[in-house]
Amino acid sequence: MKDNLLKVVLQAAYDSGYKDGYSKATENIEHDLKVPLSEKSHVIQKLWLTPKDLAHEFDITLSTQAKMRMKNRIPYHKIGKYVRYKRTDINQWFDLAKIV
């Protein structure tokens, strides 16, 4: 269904005058559909991380995360009773903590 929707959007772009973009995009779609996921070079990353995800990816223990949250030293969001970290906020936080 996603592929059909994408083709409809691309067709609309083609009809609006983006002829080259349409032909290139459809070629890419057809190629992407043939290539298995294991061979694709890009990695899909989650935007929202759980504390366990953060511990796994950035090697910050759960207890350290809790201490940093209490002192407001790490950017986080509270959604009900759940703590979540936005990947872009964490990446920016790491960049700001960089020491020359």
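Quick check: net charge around Trp93, other residues with Cβ under 12 Å of its Cβ, Lys/Arg +1 and Asp/Glu -1?
After counting each charged neighbour, the total is +2.
Can you work out ³J(HN,Hα) from phi for every residue in region 58-73, in order, using Karplus 6.51 cos²θ - 1.76 cosθ + 1.60 and θ = phi - 60°, giving whole Hz and x for Gly and Pro?
Using θ = phi - 60°, the values come out as 10, 6, 10, 4, 4, 5, 5, 4, 4, 5, 5, 5, 4, 9, 6, 9 Hz.
I'm a student and want to see the number: the projected area of the Cα convex hull of region 40-100, averaged over all directions, in nm².
5.4
Just so you know, all these numbers are worked out from the coordinates, no wet-lab data involved. Computed from a predicted structure; not experimentally measured. Here the Cβ is made from the backbone with ideal geometry for all residues, glycine too, and neighbour counts use every protein chain on show.
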